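Q: Before we start, here is the structure in question, set down as structure tokens.
The values are calculated or read from the model by the stated rules, or taken from the named source; none is laboratory data. Predicted model only: the values in this text are computed from it and were never measured. Please note: Cβ atoms are built from the backbone with ideal geometry, for glycine as well, and neighbour counts cover all protein chains shown. For accessibility, only protein heavy atoms count, side chains too; no ligands or nucleic acids. Shrake-Rupley method; radii C 1.70, N 1.55, O 1.52, S 1.80 Å.
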Amino acid sequence: MQSVADQLSSGILIVDQELTVLAWNRWMSQHAEIDAAAAVGQPLDALFPDLPAATLKRRVKAALQLQSPSYLQPRKGYLFRVALDRIIDSHFAYMQQRIRILPDENQSHRAIIVVDDVTATREAEARAAAAAEASRRYLELIDNHVMTLGVDANERATRASSALLQASGWTLERLRGTTLDALGLGQLDTQDTDDGQLPERAVLRADGSTLWVRVRKAQGLEAEAGDEHYLVLQDISLQKEIQALSERDALTGAYNRMKFDQLLLEAISAEQRYGQHFSLILCDIDHFKRINDNHGHLVGDSVLKQFTTLLQVQTRSNDQLARWGGEEFVVLLPLANAEAARTAAEKLRQAILAAHWPPIGKLSASFGAAFHAPQESADSLLDRADVALYQAKEAGRNRVCVAAAPVSAPEA
């Protein structure tokens, strides 16, 4: 039997109820570095001082009394301290072992202890657990710092990261089942726009305020259900605020001249590409210098703010208003011909005249309107509107003049 035991790839030792070694195979000699001659006749706890002798005795006695195998899961992962010299960067300092205690069928007072080297298995389990923990921490990091939104096939929200819930003020209960349109994302095309930027959306926070985001579909991140996908939202609210500050007149909140130049060039491009004609109106407050001279600049600033608010209220939602300079304003009117521009300017003139302007009482303004001619440049259009405004001033102010069409439109 000894010769058979020496051929096995597991440790085999036979002990009595007091854990005295009666037999010791070659595997034990090699790995424990104790020859069989030195081991046989010795108590196991003398060979291995840190052995949990009391626990092992109980298991051996139980196996012998019940004549049934017993299994021992060592608390440290091993029963016999055997140093590792085969695994680089191992999680363990000593060989990991599986222990089986079998009653000897031929000798009722003897037990066979089988020691299996399970280091490779435990190592794989430990690495898998470490990878799972790293993955969990990575996903937790994403959840806390990246705004993601799970969406089903019907474009309804299914889940959201903690970062998105915190930024938006939503609760998951309120969010789940809500359509993208209701959230402010609308019909979302997550492809890049013509300028290479991801699409921007004004998402509604729980309190009704706006959270500006860029949106893209997460690549390689699929939800458990096959018809689900994730959207990644990048918070650009601060960028939007900075952009708005750079585009707006600090006093009135209307667009500034630089922004209006951009809008005007875009309108000319849209006309050339799609035939979307437009007009613009130049507006100048009559005798504004008198207001500053008689009432001071603070009153003048207050009038400019009220004037801006009135123009915004009296123009269409798609009209673009800018402060052109001082007390002069300009309005871009998409899809408006010369007559429509005249009507819009007259509406503004009457509204200004009818309003109350504390502390000055009454106020009037003069208007110059111009319809953009095909192939006309921005400078030419503005010059014609400015000439019309000058004509309104020369004709006595508080009136609307419409610029004549150019004799030949300069190339835009």
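Q: Could you list, in sequence order, the residues of region 40-58 that are in contact with a helix residue (DSSP H, G or I) (Cβ under 7 Å, 6 or more places away or on another chain) and either free of Cβ contacts under 8 Å to residues at least 24 places away in the same chain or open to solvent by 60 Å² or more (accessible area, probe 1.4 Å) (or both)?
A: Asp45
Q: Right, here's the next one. Given the criterion in contact with a Pro (Cβ under 8 Å, 6 or more places away or on another chain), of a type outside the set (A, V, I, L, M, F, W, C) and modelled with pLDDT under 90, identify the matching residue among Arg86, Arg75.
A: Result: Arg75 is the single residue among Arg86, Arg75 that is in contact with a Pro (Cβ under 8 Å, 6 or more places away or on another chain), of a type outside the set (A, V, I, L, M, F, W, C) and modelled with pLDDT under 90.
Q: Which of the residues belonging to region 164-187 are open to solvent by less than 40 Å² (accessible area, probe 1.4 Å) and at pLDDT below 75?
A: Hit for region 164-187 is Gly186, nothing else.
Q: Which one of these does Val21 not meet: (1) without any contact (Cβ under 8 Å) to a residue 24 or more places away in the chain; (2) within 18 Å of Ser108 (Cα to Cα); (3) touching a Pro at 6+ places or on another chain (Cβ under 8 Å)?
A: (1)
Q: Taking Leu238, is it open to solvent by 60 Å² or more (accessible area, probe 1.4 Å), touching a residue at least 60 places away in the same chain (Cβ under 8 Å), assigned to a helix (DSSP H, G or I) and farther than 21 Å from Thr309 by Cα?
A: no
Q: Quick one: is Ala37 without any contact (Cβ under 8 Å) to a residue 60 or more places away in the chain and either closer than 23 Å to Asp6 by Cβ or in a loop (DSSP other than H, G, I, E, B) (or both)?
A: In short, yes.
Q: While we're on this one: Would you mind telling me which numbered condition in (1) part of a helix (DSSP H, G or I); (2) under 30 Å from Leu149 (Cα atoms) Ala267 fails?
A: That leaves (2) as the condition not met.
Q: Output the residues belonging to region 91-113 that are buried (at least 17 other Cβ atoms within 10 Å of the Cβ) and in contact with a Leu (Cβ under 7 Å, 6 or more places away or on another chain).
A: Within region 91-113, Met95, Gln97, Ile99, Ile101, Pro103, Arg110, Ala111, Ile112, Ile113 qualify.
Q: Turning to a different aspect of this structure: Just one of Arg26, Arg81 is touching an Asp or Glu at 6+ places or on another chain (Cβ under 8 Å) and farther than 26 Å from Ala124 by Cβ; which is it?
A: Arg26
Q: Look at region 245-264 and say how many of its residues are among the hydrophobic types (A, V, I, L, M, F, W, C), surrounded by 12 or more Cβ atoms within 10 Å (Cβ to Cβ) and part of a helix (DSSP H, G or I).
A: Summing the residues that are among the hydrophobic types (A, V, I, L, M, F, W, C), surrounded by 12 or more Cβ atoms within 10 Å (Cβ to Cβ) and part of a helix (DSSP H, G or I) in region 245-264 gives 3.
Q: If you check Val402 against the conditions, is it over 20 Å from Asp261 (Cα atoms), surrounded by 16 or more Cβ atoms within 10 Å (Cβ to Cβ) and among the β-branched types (Val, Ile, Thr)?
A: Taking the combined requirement at face value, the residue satisfies it.
Q: Among Arg159, Arg174, which is closer than 23 Å to Ala202 by Cβ and in a strand (DSSP E or B)?
A: Criteria check complete, one pass: Arg159.
Q: Next up: Being assigned to a helix (DSSP H, G or I) and under 23 Å from Tyr94 (Cβ atoms) is the filter; apply it to region 59-73 and report the residue that is least open to solvent (accessible area, probe 1.4 Å).
A: Of everything passing the filter in region 59-73, Val60 is least open to solvent (accessible area, probe 1.4 Å).
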